[in-house]
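Structure record follows, encoded as structure tokens.
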Amino acid sequence: MKVAIIHDWLVTYAGAEKVLEQLLKIYPDADLFSLVDFIDEGQRGFILNKQVTTSFIQKLPFARKKYRSYLPFMPLAIEQLDVSKYDVVISSSHAVAKGIITGPDQLHISYVHSPIRYAWDLQHQYLREAGLERGIKGWMAKAILHYIRNWDYRTANGVDYFVANSKFIARRIWKVYRREADVIYPPVDVSAFSFHDRKEDFYLTASRMVPYKKIDLIVEAFSQMPDKKLVVIGDGPDFQKVKAKAGSNVELLGYQPFEVLRDYMQRAKAFVFAAEEDFGITPVEAQACGTPVIAYGKGGALETVRGYGQVEKPTGLFFEKQNVSSLVQSIELFEKISGDIRYQDCRENALRFSPERFRKEFEDYVNSKLKNMPIKN
């Protein structure tokens, strides 16, 4: 059985790449395809040091840093990758990978991190944050996204089975493609975050500082509660904006290596998460440390955090609105009920998302679908 794995682009090691890493552990002999491959030597262990088949975008000017600018060419580029000799094609897609062309005797399973966010329901937010709401550039961007939406919808027909990384994304897949999706939660390296039941008197948030992460909201909320300490780890374009809102009880550490992040995550009394994420890995990592989570009650967090007052063995609580007052109320509630949240329950909840569980579920899923496919000799 010949297996091809299609990835959008290889430029870093983040959430989508952690899924790819586990797919390659299931199928170590698979061939790997991607629009571009700019992973440096010495950092290619997660793709088993494979030679990657790339598209023509790989050789376009400034592609290493400006590959996203070639979005209008990505549909054409992904369609030029030839996977006709493979029995099974697995696309790991948050952009265009699912648009790979396959034949009637090939099994195409697409693991979707999300339909193209900036082309569908987050288009207006994307245009606003990029300063493309009006003007000639704005109209060009809107026209390109319209074209991308049409292509994205059409190519959903080439996928035999959709797998979503959360029920939230399964709903988005149904909304934009009108296709059912099974859910297999992505792998989280919970073994890298050891359990710690001695908590200290501070809250933690950690993220790249970009608008949708809402770090500024968290900092502003704690600045209104000077008796509560907040530690912030991460940097990014919004760092100065966040810093300007920080009171004396907010400590901004900027970027920190993994060991430092893990240490703070283990010792924090709670981890605060204000983004609407498709899945959200950091709340699971915090729970793996035995640390409760205070999260915005929308998106993937609803599936990874057991909300206080909603289920048995809670591991955190949710705030209903993505604003300062709602978060402040939740933190004040957490101060009153934190004794009802057991650190061991947090750890046990996180173990549901281990890489071993992902590999077994995904391999079993593919095998079950293979039974319905005529495999080429």
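The values are calculated or read from the model by the stated rules, or taken from the named source; none is laboratory data. Only a predicted model underlies this, so the values are computations on that prediction, with no experimental measurement involved. Cβ atoms come from the backbone with ideal geometry, glycine included; neighbour counts cover every protein chain shown.
Can you run down the residue pairs with Cβ atoms below 6 Å, 6 or more apart or on separate chains, where the first is in the stretch 238-253 and in contact (Cβ under 8 Å) with a residue 60 or more places away in the chain and the partner is of a type outside the set (Phe, Trp, Tyr)?
none
Of the conditions (1) small (Gly, Ala, Ser); (2) within 24 Å of the chain's Cα centre (by Cα); (3) exposed (fewer than 15 other Cβ atoms within 10 Å of the Cβ), Gly300 fails just one. Which one is it?
(3)
Taking the options Lys336, Lys298, Lys313, Lys321, name whichever one is outside the structural domain of Tyr27 (by TED's automatic domain parsing) and either in a helix (DSSP H, G or I) or aliphatic (A, V, I, L, M) (or both).
Details: Lys298 fails: either in a helix (DSSP H, G or I) or aliphatic (A, V, I, L, M) (or both); Lys313 fails: either in a helix (DSSP H, G or I) or aliphatic (A, V, I, L, M) (or both); Lys321 fails: either in a helix (DSSP H, G or I) or aliphatic (A, V, I, L, M) (or both).
One residue alone meets the criteria, Lys336.
Take the conditions among the charged types (D, E, K, R), on the phi < 0 side of the Ramachandran plot, in a helix (DSSP H, G or I) and under 21 Å from the mean Cα position of the chain (by Cα) and apply them to Lys175. Does it pass?
yes
Just checking, does the stretch 98-111 include any residue being in a helix (DSSP H, G or I), assigned by TED's automatic domain parsing to the domain that holds Ser69 and either in contact with a Ser or Thr (Cβ under 8 Å, 6 or more places away or on another chain) or crowded, with 20+ Cβ neighbours inside 10 Å (or both)?
Residues of the stretch 98-111 in a helix (DSSP H, G or I): 98-99.
If we keep only those that are assigned by TED's automatic domain parsing to the domain that holds Ser69 as well, we get 98-99.
Of the ones still in play, those that are also either in contact with a Ser or Thr (Cβ under 8 Å, 6 or more places away or on another chain) or crowded, with 20+ Cβ neighbours inside 10 Å (or both) are 98-99.
The answer is yes; a qualifying residue exists.
From the list Val219, Val328, Val231, which one is modelled with pLDDT of 95 or more and part of a strand (DSSP E or B)? Step through it out loud before you land on a result.
On the way: Val219 fails: part of a strand (DSSP E or B); Val328 fails: part of a strand (DSSP E or B).
It is Val231.
Read through the list (1) assigned to a helix (DSSP H, G or I); (2) modelled with pLDDT of 95 or more, then give the number of the only condition that Lys243 fails.
In the conditions (1) assigned to a helix (DSSP H, G or I); (2) modelled with pLDDT of 95 or more, Lys243 misses (2) alone.
Go through (1) touching a residue at least 60 places away in the same chain (Cβ under 8 Å); (2) in a loop (DSSP other than H, G, I, E, B); (3) surrounded by 14 or more Cβ atoms within 10 Å (Cβ to Cβ) for Tyr13 and report which single condition fails.
All conditions pass for Tyr13, except number (1).
Filtering the stretch 307-339 down to residues that are aliphatic (A, V, I, L, M) and touching a residue at least 12 places away in the same chain (Cβ under 8 Å), which residue is surrounded by the fewest Cβ atoms within 10 Å (Cβ to Cβ)? If you could, list the steps in order and put the result at the bottom.
Of all residues in the stretch 307-339, those aliphatic (A, V, I, L, M) come to 311, 317, 324, 327-328, 331, 333, 337.
In the following step, the residues that additionally are touching a residue at least 12 places away in the same chain (Cβ under 8 Å) were identified as 317, 324, 327-328, 331, 333, 337.
Working: Leu317: 25, Val324: 19, Leu327: 25, Val328: 17, Ile331: 21, Leu333: 15, Ile337: 13.
The extreme case among them is Ile337.
Test Gln58 against the criterion of being buried (at least 16 other Cβ atoms within 10 Å of the Cβ) and out of contact with any strand residue (DSSP E or B) (no Cβ under 8 Å at 6 or more places or on another chain), and give yes or no.
no
Is the stretch 183-200 home to any residue that is more than 16 Å from the chain's Cα centre (by Cα), within 28 Å of Ile116 (Cβ to Cβ), among the acidic types (Asp, Glu) and at pLDDT below 95?
no
Yes or no: Asp40 in contact (Cβ under 8 Å) with a residue 12 or more places away in the chain, assigned to a loop (DSSP other than H, G, I, E, B) and more than 26 Å from Glu277 (Cα to Cα)? Working first, answer last.
On the way: in contact (Cβ under 8 Å) with a residue 12 or more places away in the chain: no; assigned to a loop (DSSP other than H, G, I, E, B): yes; more than 26 Å from Glu277 (Cα to Cα): yes.
So Asp40 does not fit the description; no.
Might you let me know whether the stretch 84-106 holds any residue that is aromatic (Phe, Trp, Tyr) and without any contact (Cβ under 8 Å) to a residue 40 or more places away in the chain? Lay out the reasoning, then the answer.
First, the residues of the stretch 84-106 that are aromatic (Phe, Trp, Tyr): 86.
From what's left, without any contact (Cβ under 8 Å) to a residue 40 or more places away in the chain: none.
Checked against the condition, which is being aromatic (Phe, Trp, Tyr) and without any contact (Cβ under 8 Å) to a residue 40 or more places away in the chain, the stretch 84-106 yields no hits at all.
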